[in-house]
Every structure is written in C-alpha cells, then in structure tokens.
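Derivation of every value follows stated rules applied to the coordinates shown; laboratory data play no part. Please read all numbers here as calculations on a predicted model, not as lab measurements. Please note: Cβ atoms are built from the backbone with ideal geometry, for glycine as well, and neighbour counts cover all protein chains shown.
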Amino acid sequence: MDEAMRRFAVLRPHLEEGVSLVAAARAADVPIRTAQRWLSRYRLKGLDGLKIRKRSDYGTRRLPEPLIALIEGLALRKPRLSCAAICRRTKAIAKSRDWPVPSYSTVHSIVQALDPAVVTLAQDGASAYRDRFELIHRHRASAPNTLWQADHTMLDIWIIDANGKAARPWLTAIMDDHSRAIAGYLVFLGAPSALQTSLALRQAIWRKQTPDWPICGIPEILYVDHGSDFTSEHLEQAAASLRFQIIHSAVARPQGRGKIERFFGTLNTELLPDLSGNIVNGKPATPPKLSLADLDAVLGAWIKDTYNVRTHRETGLPPLTSWCADGWLPQMPDSIDDLDLLLVMVAKPRLVRRDGVHFQGLRFMSPILAPYVGESVTIRYDPRDPGEIRVFHKNRFLCRAISPEYAHETITLKDIQTARAAQRRALRQQINERVGVVAEYSPEGTARRKTETAPRPQRKSKLRTYQSDD
C-alpha cells in the first residue's frame with residue numbers, strides 16, 4: 001500500500017489540479033511512459049491498480065525438490081557453512097545429477113527462508129533454542145513471603161575504597177516475589193560469598209530500624225542460582241534451622257530470575273546515572289567520589305522512598321502496599337542473637353583439646369571449657385571477627401572463647417590454674433562418691449565397717465617411767 005500511495009502522489013497534480021501528466025512526471029523525476037502506465041492502471045482499477053504486481057509463480061522455486069532439500073540440509077549442518085560454500089557444493093552436485101544449476105541469489109534466498117528456530121536448534125543447540133524460542137511460565141507467588149529471590153550484580157559505578165582507590169561495588173538484593181518489594185540488600189567490595197548473602201538475608205528477615213520499611217519475616221522458599229555462595233553449607237544450615245526451603249534455578253536458565261534482574265536494570269538506568277562515577281560505555285562518565293557508605297545510604301533511601309512505594313507496572317500496586325496486603329503477621333526468629341548465630345556465624349564441629357579449641361590456625365580458650373576436654377563441640381564464628389567463637393555442647397551454649405592473638409581480652413595463667421583446680425576438685429568429688437558406693441556394698445567395706453564399730457582395746461604406752469613398771 002505504501003508503494004501505491006507513492007505512485008498516486010505522482011499522479012495527484014494531474015488528477016486533481018489539472019497539471020499536465022508530463023509536468024507532473026518531470027517534477028517527480030519519473031519517466032513519462034511509467035507515469036502513463038500508472039495512470040492507465042489507476043483509471044482501470046483505482047488504487048489497487050497502483051500496487052506492485054507479483055508474478056504468478058512468486059514464492060515458488062523452479063528447482064527440483066531434492067535440490068532445495070539439499071541446500072536446506074547443507075545450511076543446517078554443523079559446523080556452519082557460508083552461503084558461498086553451500087552454493088559451490090550445490091552446483092557441483094547439481095551438475096553431476098543433471099539438475100538445474102542454482103545461482104548464488106537463489107541459494108541465498110532458500111537459506112534465508114529457513115525458520116530461525118530450526119536454524120538455532122541445529123546450529124547453536126538446545127540451550128540457545130530454549131532461551132530464544134521456548135515459551136516460559138511467568139509464575140507469581142500467591143502471598144507475601146511465600147517466595148523470595150536473591151541474586152548478585154556488579155553495579156555500573158566506580159566508588160572510592162578505604163585505600164583511596166577506585167573500585168566497582170557489588171550488590172546483593174533479596175526481593176519478595178509476590179509484591180516485588182525489596183526485603184533486604186547489601187553493597188560490598190570483593191567477590192560475592194556466603195557471608196554477603198547471609199548479611200543481606202539477615203537484613204531482609206529482621207525488623208528494619210525505620211517504620212517506613214516494614215518488610216521482614218522468614219520466607220517459605222528462597223530462590224537462588226547455582227553460585228558457590230548460594231550452595232554453601234552455611235546457607236543450608238541456616239535454612240534448616242530457620243525452616244525455609246532453598247530452590248536453585250536450572251543451570252544456565254536465567255529466565256526464572258527475571259524479576260530481580262529487571263530490578264537491577266532499573267537501578268543501573270535510573271539511580272546510578274545521577275551519581276558520580278557512573279559507568280558509560282565501559283568508562284566512568286564523571287570521577288568517582290562516593291565511598292561505600294555513601295553509596296549504601298543513597299541506595300537504601302532510593303529503595304525505601306522510591307522503588308518500594310511507587311506503582312509497579314506488572315502488579316498495578318506499589319510493592320509496599322502489595323506486601324502489606326490486608327494485614328498479616330510474618331514469621332520471625334525469636335531474637336536477633338538467634339538470627340546472628342544462624343546467618344552471620346558459621347557452624348563447625350571441633351574437639352576441645354587441653355589447650356583449648358583449635359580453629360583456622362588459632363587457639364581459642366575459656367576457663368569454662370575445662371570440664372569438656374576431649375569432648376566434641378560445635379563452634380559458631382563470625383568471619384568478620386576472627387578473635388572470638390561461641391561454643392555449643394549438645395546444642396547448649398557453653399561460652400565465648402577468645403583467641404589471645406586477636407582479641408583484646410586475655411586468659412591469664414591464674415585463670416587457667418583456677419579452672420584446673422576447680423575441675424580437679426569436681427572430678428575428685430565424683431571419684432569419692434563412686435568409690436564410696438563401692439565400699440558400702442563390697443565385703444571389704446562390710447569388714448571395714450565392723451572393725452570401725454567394734455570397741456578398740458586401750459594400748460599400753462611403751463614408755464617406761466620407772467624401773468618397777470611392767
């Protein structure tokens with residue numbers, strides 16, 4: 001239709017304004033014979049007559065079907081052949097079979113007419129076909145805190161680290177699938193690890209300091225990828241203790257994490273361009289000025305005051321409103337200390353030795369460990385503070401043990417001696433009690449008791465005072 005209107009625009013001055021056809025054709029730089037042919041077809045069929053007429057055999061190829069199938073088969077073979085290589089091989093086979101020899105343009109048109117899905121599956125494999133052409137199921141959790149998503153991204157910004165050098169920070173974010181609200185986040189330097197994931201999850205689960213950000217609670221499911229930080233034993237222990245399930249997305253299948261990926265895209269395109277050090281085309285558009293703490297404050301304010309309170313395009317509600325719903329009580333841990341023990345402090349089994357608990361090349365000591373020498377215990381430690389561990393025996397908290405090399409507190413020799421003496425006294429008391437039971441019921445003990453109860457004869461003194469004494 002566009003071509004028909006273009007041709008009608010050439011004829012319009014002649015049809016409506018009385019301009020001669022020659023002048024109209026000359027003004028449009030169209031040959032007069034072409035303009036006369038268009039005019040004749042317009043008067044005969046109207047605007048349809050100005051449409052481009054296709055050949056009756058348009059779309060069909062005057063080649064044998066086996067030859068067309070051969071060209072298509074060569075185009076789908078691995079490794080991928082260029083159109084020129086397909087044309088050369090086709091011509092050789094066509095001559096040997098007395099088939100019409102196709103031109104390069106014919107071969108090219110046959111190759112280009114192949115279904116892109118078929119070509120992708122044949123050349124790039126099932127994974128590429130799945131990512132480009134397969135239907136996906138866009139699932140939304142039925143209620144808040146039913147499903148949380150967690151993921152990392154390197155932000156498109158440079159900041160100044162503690163040493164005054166430029167560095168690119170990472171962001172760990174945790175999103176509620178139902179409401180799209182951000183429950184927790186963490187910005188940090190260095191590669192993602194289980195500790196960063198745990199710290200972000202700690203903020204997401206526990207109550208925030210500001211009432212404007214009420215999102216909290218323990219999720220039923222945490223949906224993550226297959227990164228080493230998400231498959232760590234530490235996170236599995238925390239999930240088992242807090243009673244939520246960890247589900248990993250399929251390997252090399254990012255579609256299931258599209259919601260949090262879109263949040264990252266919104267952050268990189270909406271907030272970061274207004275900050276110094278934002279990256280454009282791989283380079284910072286302005287010199288970096290923000291510290292990690294500055295970026296954390298800006299990001300937290302943007303999540304709380306902008307992202308969580310504005311209407312989401314897909315849900316039609318602000319994430320905060322959708323999370324609050326009609327009012328409900330999220331499931332919470334008993335205390336922040338219990339949450340820290342599970343998330344921030346990693347659990348490891350250890351044996352109490354005579355000189356304390358050995359861990360990561362350090363020695364941890366507490367006088368309370370004296371009765372537990374040789375016992376198996378569980379220690380929990382904060383990777384950010386190597387100077388202290390918490391010791392548990394049969395799931396019961398025993399003490400805080402410190403490492404003299406790192407901690408400010410010290411265990412003196414007097415403390416150790418006092419603990420030793422107390423432990424010896426306690427053990428000696430247990431021995432005496434048990435030995436006393438044996439003595440009470442054994443024959444030797446009975447004879448000893450009779451001897452002790454019988455009257456003792458008075459012994460004469462062997463000292464002679466006088467010569468007449470016997």
Would any residue of the stretch 329-368 have its amide N under 19 Å from a label point 7 Å out along Cα→Cβ of Glu236? List them or say none. 342-350
Around Leu81, with a cut-off of 13 angstrom between Cβ atoms, what is the net charge of the other residues, counting Lys and Arg +1 and Asp and Glu -1? +4
Once the other residues with Cβ under 15 Å from the Cβ of Trp213 are scored (Lys, Arg +1; Asp, Glu -1), what is the net sum? +2
Between Thr418 and Ile52, with labels modelled 7 Å along Cα→Cβ, what's the label distance in nm to one decimal, could you check? 9.8
Given q = 0.28, 0.29, 0.30, 0.32 Å⁻¹, what are the Debye log10 I(q)/I(0) values for the stretch 2-50, with equal point scatterers placed on the Cα positions and solvent ignored? -1.10, -1.16, -1.23, -1.33
Cβ-Cβ FRET estimate between Ala191 and Val22, R0 fixed at 56 Å, reported to 0.05: 0.15
Per the Kirkwood definition applied to all pairs of different Cα atoms, how many angstroms is the hydrodynamic radius of the stretch 297-363? 16.6
Protection proxy (average C-beta count within 10 Å per residue), highest first, orders 19-32, 207-220 as 207-220, 19-32
When only alpha-carbon atoms count, how far does the stretch 138-187 stretch along each of its three principal axes, as whole angstroms with the largest first? 47, 19, 11
Taking 8 Å as the Cα distance limit and 6 or more residues as the minimum spacing, I'd like the relative contact order of the stretch 102-229 as a percentage. 21
Points 7 angstrom from Cα along the Cβ direction at Val101 and Ala85: gap in nanometres? 2.2
What net charge do the residues around Ala240 carry, taking every other residue with its C-beta under 15 Å from that of Ala240, with Lys and Arg at +1 and Asp and Glu at -1? -2
Computed over the stretch 147-324, the distribution of all Cα-Cα distances in 5 Å bins, rounded to whole %, is 1, 8, 17, 21, 19, 17, 11, 5, 1, 0
With N set to the residue count of the stretch 65-133, report its C-alpha Rg divided by 2.2 N^0.38 Å to two decimal places. 1.18
At Ala301 and Ser127, where each label point lies 7 Å from the Cα along Cα→Cβ, what is the point-to-point distance in nanometres? 4.3
